[in-house]
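The structure under discussion appears below in the form of structure tokens.
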Amino acid sequence: MDREARVFAESHFRGLEGCLPRRVCPKLDRVDFIEKPDSFSYADFFKGYLLPNLPCVFSSAFTEGWGSRRLWVTPSGKPNFDYLLQNYGDVVVPVANCGVREYNSNPKEHMPLRDYISYWKEYIQGNYSSSRGCLYLKDWHLCRDSSAEGVFTLPIYFSSDWLNEYWDALDVDDYRFIYMGPTGTCWSVNICGRKKWFFFPPGQEEALRDCHGSLPYDVTSPTLLDSRLHPMRDHCSPPLEVTQEAGEMVFVPSGWHHQVHNLEDTISINHNWVNGCNLANMWHFLQQELCAVQQEIIDWRDSMPDWHHHCQVIMKSCSGINFEEFYHFLKVVAERRLLLLAKGMGPGKVEGGKGTRLGPEQAAFDIGRIAEVLESVVAHPDFQRVDTSAFSPRPEELLQQLEEAVAATTSL
């Protein structure tokens, strides 16, 4: 990030006056296609798509140097099963059954990759049909394994990736996934195959809910036309549709409801991510999740010892994170940014997550965003019920450090 982009971003957030970005974005009739890497800078992406929270598609020119595009794909553009078997055949991978629904999702099992590829080949030979249903390899964390080196290069546009920076620092988990599967079935890159995307801008998903408040399993289902089941459907605009070709990269903005269908046998690499631009949205989501949990067990509030603590435990089991861990997430990223500024590192140095290039302007912007959100966290009544006596630093102390850094970096 350069100085101009930082000033632009800080002005953008000051204009929001502490509110979340607009739930209704400008009316779009298409998703922009970015063709040439040489004429599209990080600042272009940051100001044109990341800050305004708009989707875009990058051409295959942005990923042509990736090892996975060269090695995982046959000359005819199909998955290279022989290479995948030779290099990853014994790796155990998660597989979802797309033909079975469980609470608006699909049940998963684990199997060696060689068994999944054996199924996939049989599925193709059976004219894309199997008694086992349509199985889809989903959420394979290949990037945790050293054998993933050379598979892809993190695009500079997505280098401010706090989720994976946090988990890399803890050396526990990550949010980098491989998806594979037959036809039928954030940023996301198609290594091979084609996908159909359906995008609904933030807020539009509310009109898709059925009479029970649930979102549709399939946004193309004829059942959405039934006004008794979906009474608000007429208030939802048609989705933006994108066909993603092999090698192309889709940027999925925060809060955009979307659905993806494989049009061919497909392999893709996907990252879930959070950074300073959508941190406030994440905090807002966590508050909503806690409210939902509290509402579910409100009848036990007076009779259950440590009711508020149990709400946090349930929230973490459902969402993967609660208020305590959110603070630790903010702390890890904040301390790394403070350290970067203290060292006075230049923009070419590597700091943060794997392959993350952060300079002082980016660090200063990030610190400002964390300070604003942490101020809201510290003031939240449910966070004040969390035992922070063993936290180091204490939340109030970290907030003071961040506020002092914000004041110091105004002249950076």
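A viscosity of 0.692 mPa s and a temperature of 37 °C, combined with the Kirkwood radius over C-alpha pairs in the Stokes-Einstein formula, give the range 205-332 a diffusion coefficient of 181 µm²/s. Solvent exposure of the chain, expressed per residue, is 49 Å² of accessible area, with all protein chains present and a 1.4 angstrom probe.
Between residue 196 and residue 245, the contour length at 0.36 nm per residue exceeds the Cα-Cα span by 16.7 nm.
Quantify, in whole percent, the carbon and sulfur part of the accessible surface of the chain (1.4 Å probe; protein heavy atoms only). The nonpolar share, carbon plus sulfur, comes to 49 percent.
Compactness of the chain is given as radius of gyration and Dmax, 22.4, 66 Å, from Cα positions. Annotation: amide H-H contacts under 5 Å for residue 139 (H modelled 1.01 Å from N, sequence separation of 5 or more, or interchain): 178.
From the square roots a ≥ b ≥ c of the eigenvalues of the alpha-carbon gyration tensor of the range 46-137, which class results: rounded (a/c under 1.5), prolate (a/b over b/c), or oblate?
Values: a/c = 2.17, a/b = 1.32, b/c = 1.64.
Since a/c reaches 1.5 but b/c is at least a/b, the shape of the range 46-137 is classed as oblate.
With 25 Å as the limit on Cα-Cα distance, the pairs of 108/331; 47/343; 27/47; 27/138; 121/195 that go past it are 108/331; 47/343; 27/138.
Each peptide in 233-244, 216-227 receives the mean, over its residues, of other Cβ atoms within 10 Å, and ordering these scores from highest gives 233-244, 216-227.
If R0 is 25 Å, the Cβ-Cβ spacing of residue 100 and residue 325 corresponds to a FRET efficiency of close to 0.20.
Each eigenvalue of the Cα gyration tensor of the range 52-92, multiplied by 5 and square-rooted, gives one semi-axis; in descending order these are 27, 14, 9 Å.
The values are calculated or read from the model by the stated rules, or taken from the named source; none is laboratory data. The model shown is predicted, which means the values in this text are computed figures rather than measured ones. In this analysis, Cβ positions are derived from the backbone assuming ideal geometry, glycine residues included, and neighbour counts consider all displayed protein chains. SASA here: full protein model, heavy atoms, side chains in, ligands and nucleic acids out. Shrake-Rupley method; radii C 1.70, N 1.55, O 1.52, S 1.80 Å.
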